[in-house]
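Structure record follows, encoded as structure tokens.
Values quoted throughout were computed directly from the atomic coordinates according to the rules given, and no laboratory measurement underlies them. Treat the numbers as computed from the prediction; the structure is a model and nothing was measured. Cβ sites come from the backbone with ideal geometry, for glycine too, and all protein chains shown count toward neighbours.
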Amino acid sequence: MVKLRLQRFGSKKRPYYRIVAAEATCPRDGRFIEIVGLYHPIEKQDVLKIDEEKALKWLQNGAQPTDTVKSLFTQMGIIEKYAALKKEAKANK
């Protein structure tokens, strides 16, 4: 199963994260399939850059976001777009 989760980088008490698509069995900072975005929570203004196309592609392919990634996607409006795409696909059937 593929999960969308955070991969930690940075020094002690100065973390920054990559949002990655990775197998659920791989370690947190281990092997990943694709980088979806970046998250820097320590900056003066939280830096959050997500490739919306990649995120939607992985969600449509069945990847499960972790709770933190889901909240970040909600901030960016990606979860709403995914729900709309899902609803549209059901209507077309």
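Per residue, the average separation of C-alpha pairs within less than 8 Å and at least 6 apart gives the range 12-53 a relative contact order of 37 percent. In order along the range 5-17, the Karplus-derived 3J(HN,Hα) couplings, from 6.51 cos²θ - 1.76 cosθ + 1.60 at θ = phi - 60°, round to 8, 8, 10, 7, 9, x, 8, 4, 6, 9, x, 9, 10 Hz, and Gly and Pro are given as x.
The chain has equivalent-ellipsoid semi-axes of 25, 16, 9 Å, by the square roots of 5 times the alpha carbon gyration tensor eigenvalues, sorted largest first.
Using only side-chain charges placed at the Cβ, +1 for Lys and Arg and -1 for Asp and Glu, the dipole size of the chain relative to its Cα centre rounds to 200 debye. Stretching the chain fully between D46 and R18 yields a gain of 8.7 nm (0.36 nm per residue, less the alpha carbon separation). Taking every lysine pair in the chain that is 8 or more places apart or spans two chains, those with Cα atoms closer than 18 Å amount to 19. Here the label points at M76 and Q60, each 7 Å from Cα along the C-beta direction, are separated by 1.6 nm in the simple model. Work through the residues other than L72 whose Cβ is under 15 Å from its Cβ and net out their charges, Lys, Arg +1 and Asp, Glu -1. Overall, the nearby charge balance is +2. Listed values for the range 55-66 are Karplus-derived 3J(HN,Hα) couplings in whole Hz (6.51 cos²θ - 1.76 cosθ + 1.60, θ = phi - 60°), namely 4, 5, 4, 5, 5, 5, 7, x, 5, 9, x, 6, and x replaces Gly and Pro.
Between Q45, T25, A55, the Cα set farthest toward the positive side of the dipole of the chain (charges on each charged residue's Cβ, about the Cα centre) is that of T25. A DSSP coil position with no more than 13 other Cβ atoms inside 10 Å describes the following GluC sites (Glu not before Pro) in the chain: E43.
Mean residue ellipticity at 222 nm, helices only, the chain: -11000 deg cm²/dmol; runs of at least 4 DSSP H residues each add -39,500 (n - 2.57), and the sum is divided by the number of residues.
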